[in-house]
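Written out below as structure tokens is the structure these notes cover.
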Amino acid sequence: MVMEVLERARAMESQGIDVIHLEVGEPDFSIPAAVKVAVCTALDEGHTHYTHSLGDAPLRQAIAEHYNQKYDVSVNPSRWL
């Protein structure tokens with residue numbers, strides 16, 4: 001159904017009607033250049049598989065450190081709730 005709504009919204013736009021899209025989770029802005037570079041680098045390095053269900057361990061560690069430094073909050077990187 002969501003794709004039908006999207007198609008209808010695009011048809012309205014083609015008629016000159018101003019539409020605010022709320023039907024899909026697609027951003028209405030371009031990807032920042034740094035993100036494009038990071039994605040290409042990750043793909044080139046072979047990072048093409050799913051991570052652990054809790055996420056990437058080094059990223060979780062970095063997030064925990066960020067919260068500790070910025071908010072003085074201790075977060076266990078292995079915490080899942």
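Miscellaneous remarks
- Of all accessible heavy-atom area on the chain, the percent that carbon and sulfur account for (1.4 Å): 58
- The chain: angle of helix 33-44 to the longest principal axis, Cα-based, in degrees nearest 10: 70
- Accessible area expressed per residue, the chain, with surrounding protein chains retained (probe 1.4 Å, Å²): 92
- R0 of 30 Å, Cβ-Cβ distance Glu45-Met1: FRET efficiency to nearest 0.05: 0.20
- Annotation for Trp80 and Phe29: the two label points, set 7 Å from Cα along the Cα-Cβ direction, are 3.4 nm apart.
- Angle between the chain longest axis and helix 2-14 axis [Cα atoms, degrees, rounded to 10]: 50
- Selection from Asn76, His21, Thr41, by position along the positive dipole direction of the chain (Cβ): Asn76
- Ranking Lys36, Lys70 by solvent-accessible area of protein heavy atoms (1.4 Å probe, all protein chains present), from largest to smallest, gives Lys70, Lys36.
The values are calculated or read from the model by the stated rules, or taken from the named source; none is laboratory data. All values reported here derive from a predicted model rather than from experimental measurement. Here the Cβ is made from the backbone with ideal geometry for all residues, glycine too, and neighbour counts use every protein chain on show. Keep in mind that these areas ignore ligands, DNA and RNA; they rest on the heavy atoms of the full protein, side chains included. Shrake-Rupley method; radii C 1.70, N 1.55, O 1.52, S 1.80 Å.
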